[in-house]
Amino acid sequence: MSVPTTMRQIAERADVSIGTVSHVINGTAKVREKLRMRVLEAIRSLGYQPSQLARGLRRNQTSMLGMIIPDVTNPFFPAVVRGVEDVAYKRSYRVVLCNTDNDPHKETSYLNELRSYRPAGLLVIPAAESHIAELLRPLATSGPPVVCVDRRPTDWNGDVVVVANEEGSYAATRHLLGMGHQHLAVITGPLHLTNASERLKGFRRALDEARVSIESEYVQEARFDRPSGYHAALRLLRMVPRPTAIFACNDLMALGVFLAARELNVACPDELSIVGFDNLDFAEFTAPALTTVHQPGYQLGATAARLLLDRIDGLKQRPKKLVLQTELKIRNSSAPPPANIPSSRRKQRYVDTVGVR
């Protein structure tokens, strides 16, 4: 391993003082062009790489953006991270990524560690059971700027960039109602998260407008992942009457519904319509292809990064809530309900024969 080049070596090579080298590297004072070019040539010839951490300590701020995400294995989040990284890189910022595994304790630990590195700003997608707002609020007055992305924590009044969750789920539910479904069910994410509660709100609004009522048991709360979507779907598909359509409030949970339906020999879409939310890449390749609500993950990240960089540059306006639009992508997993459901089954009440928890 080669020994790092020092500013003293650069000064000796350029025949200038160490202070002159420091001014050229850090831009702290104007240096005559002739001397500046000598220093830059010495830097190139010696292969000098400045320590970003050391520079950050001197300025009390690095050119680093910290980003906390809840689940690196969820295919939606890499697109968000890519949007952040592309915008940050063009502005000479670098992104440090922390994955919490939806663990609030890990989330708190990462937040505290990131703050010790003096980042220029923070982007946070809260964990499923997060109470991070109480930790983020003090940063509004005495820390780096913070932008929450995709999920707005409860009681968070700072900057946030989200999608039109309620409108997206409203459109998905209207699509199912328009095909004639009356026995609908929904699998939500954790309802203390605003994106999950907003999607449920859109589902309920569409039902209310159509004057369709469902039993409370047809609303199943899960964790925005495939296993919890699978178990929720097993419960729903063993209910009487069985729902003819399930709206899963993200695509991973929709995959869980596909798996449960296949396990119970319930044909999609002949016996069960399935609709998701995300429009992940795999949605076109499920069998049948998944009807789902598209949310622009890359644009979500890029928009959040631009807002954060504006704050870093000194934007002092009141906190912003930026909302990106969604779009329903209709594919083959949704169809009209089966016409031969016996009327006796329609009158039967909910029975949970599984007991899956």
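The values are calculated or read from the model by the stated rules, or taken from the named source; none is laboratory data. None of the values given here were measured: they were computed from a predicted structure. Glycine gets a Cβ as well: all are built from the backbone with ideal geometry, and neighbour counts include every protein chain shown. These area figures cover heavy atoms from the full protein model, side chains too; ligands, DNA and RNA do not enter into them. Shrake-Rupley method; radii C 1.70, N 1.55, O 1.52, S 1.80 Å.
Tabulated results
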read-out: Computed E for ASN157/ILE18 - FRET, C-beta separation, R0 56 angstrom, nearest 0.05; value: 0.75
read-out: Per residue, in Å², the accessible surface of the chain once ligands and nucleic acids are set aside, probe 1.4 Å; value: 49 Å²
read-out: Normalised per residue, the volume of the convex hull around the Cα set of the chain (Å³); value: 164 Å³
read-out: Rounded percent of accessible protein surface that carbon and sulfur make up, the chain, 1.4 Å probe; value: 49 percent
read-out: Calculated FRET efficiency for the pair GLN299/LYS90, C-beta based, R₀ 22 Å, to 0.05; value: 0.90
read-out: Theoretical ellipticity at 222 nm over the chain - DSSP helices of four or more residues, -39500 (n - 2.57) apiece, nearest 500; value: -13000 deg cm²/dmol
read-out: Crossing angle, helix 226-237 versus the chain [Cα axis fit, 0-90 degrees, rounded to tens]; value: 10 degrees
read-out: Using a Förster distance of 22 Å, the FRET efficiency for ILE25-SER116 (Cβ separation, nearest 0.05); value: 0.35
read-out: Gained length - SER216 relative to ALA339, 0.36 nm times residue gap less alpha-carbon distance; value: 41.8 nm
read-out: Cα-based reach from LYS320 at 28 Å (exclusive), listing lysines while leaving out same-chain residues under 8 positions away; value: LYS90, LYS106, LYS201
read-out: Net charge contributed by nearby residues that have their C-beta within less than 12 Å of PHE258 (K/R +1, D/E -1); value: 0
read-out: 0 to 90° range, to nearest 10: angle between helix 33-46 axis and the chain longest Cα axis; value: 70 degrees
read-out: Charge dipole of the stretch 193-338 about the Cα centre (unit charges at C-beta), most positive-ward option of ILE330, ALA261, GLN299; value: GLN299
read-out: Ranked order, CYS249, CYS268 - accessible area, probe 1.4 Å, largest first; value: CYS268, CYS249
read-out: Backbone N under 18 Å from the ASP103 label point (7 Å along Cα→Cβ), restricted to the stretch 110-138; value: 110-114, 125-132
read-out: Contour excess over end-to-end distance, with Cα ends at ILE330 and LEU315 and 0.36 nm allotted per residue; value: 1.4 nm
read-out: Simple Cβ-charge dipole of the chain, Lys/Arg +1 and Asp/Glu -1, about Cα centre, in debye nearest 20; value: 1140 debye
read-out: Formal net charge of residues neighbouring ALA206 (Cβ-Cβ distance under 15 Å; K, R +1; D, E -1); value: +1
read-out: 3J(HN,Hα) from dihedral phi, the stretch 86-96, Karplus parametrisation 6.51/-1.76/1.60, rounded to Hz, x for glycine, proline; value: 4, 5, 5, 4, 5, 9, 6, 9, 10, 9, 9
read-out: With DNA, RNA and ligands ignored, accessible area of LYS201 (1.4 Å probe; Å², nearest 10); value: 120 Å²
